[in-house]
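Here's the structure we're looking at; comments come further down.
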Amino acid sequence: MAKYTTIAPLYDLLSAEYPVYGAGRRRLAELIGLQEGQQVLDIGCGTGLNFPWLCERVTSTGTVIGIDRSPTMLAQARGRAQRNGWTNVILIQADATELETPDTSARITSAGGRALSDAALATYSLSLMGDWPSAWQAMWDLTTAQARLGILDMQKPTGFAAAFRPLAQLACRLGGSNIDAHPWTALEQDCTEALRDSLRGGHLQVRVGSKPQAA
Ligand SMILES: C[S@@+](CC[C@H](N)C(=O)[O-])C[C@H]1O[C@@H](n2cnc3c(N)ncnc32)[C@H](O)[C@@H]1O
């Protein structure tokens, strides 16, 4: 956490959003299919780089819940929400690998949200969490029966782009991510109708799926 506590004010500048990582975010936005009035959970939300498209899609009648363990990243996210007049953004400081469903739902409802969200996503965050399967479980437990779930994360570039592997590995190491974590495998295993995309020479992996009807 210390890393993100220190760099929070500079995160947006240092995140290579425009040349690299924003492309995955835009693809996830296209695939996840959010609708007006829905409530969406952003796990490891950081400074809120997803908030513009999340707020645009759920509109002012919906709710965006950002969860992050770093207070300084959340301070940046709060500032972004305030500057943009997004009064429907709820921010919760918590370790996503240790979320207790009743307690987290209670925190969300006391802040004005609904106990369960219609969708949950994690962008460039699960690969930082050693115990990412627990965070994935929380995404599952804190969403409705047929919720849409999305993961955007990183792996080593492949094919012609393998030449960029050292750069990608350095970026992940500096950011504290495990480039070999491949957390989207959980979504592929647990969800139906899994959609996938791969961008920037395979470095960015996007997965979106739905919880199965009987879940
Ligand atoms: C690389 S940043 C990504 C932020 C944002 N999702 C984005 O797409 O720009 C990773 C974020 O995950 C958060 N994080 C790491 N481990 C966490 C955990 N166990 N629980 C909650 N947040 C965590 C960090 O504080 C940081 O804000």
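Read-outs throughout are calculated quantities, based only on the coordinates presented, and are distinct from any laboratory measurement. Bear in mind the structure is a predicted one, so any value in this text is a computation, not a measurement. Cβ sites come from the backbone with ideal geometry, for glycine too, and all protein chains shown count toward neighbours.
A few points about this structure:
- Here the contact order of the chain, divided by its residue count and restricted to Cα pairs under 8 Å and six or more residues apart, works out to 20 percent.
- With both labels modelled 7 Å from their Cα along Cα-to-Cβ, the Gln213 to Ala162 distance reads 4.4 nm.
- Taking the helices alone, the chain has a mean residue ellipticity at 222 nm of -10500 deg cm²/dmol, built from -39,500 (n - 2.57) per DSSP H run of at least 4 residues and averaged over all its residues.
- Simple rule: put +1 on each Lys or Arg Cβ and -1 on each Asp or Glu Cβ in the chain, find the dipole, and look at Trp184, Gln169, Trp136; the Cα lying farthest toward the positive end is Gln169.
- For the range 140-148, the Karplus equation 6.51 cos²θ - 1.76 cosθ + 1.60, evaluated at θ = phi - 60°, returns couplings of 5, 6, 9, 10, 6, 4, 10, 4, 8 Hz by residue, with Gly and Pro reported as x.
- By DSSP, the beta bridges lying fully in the chain are antiparallel in about 40 percent of cases.
- Net +/- balance of residues flanking Gly113 in space, Cβ distance below 13 Å, scoring K and R +1, D and E -1: 0
- Residues Arg27, Arg83, ranked from the fewest to the most other C-beta atoms within 10 Å, line up as Arg83, Arg27.
- Pair Asp180, Ala115: separation of 7 Å Cα→Cβ label points (nm): 4.2
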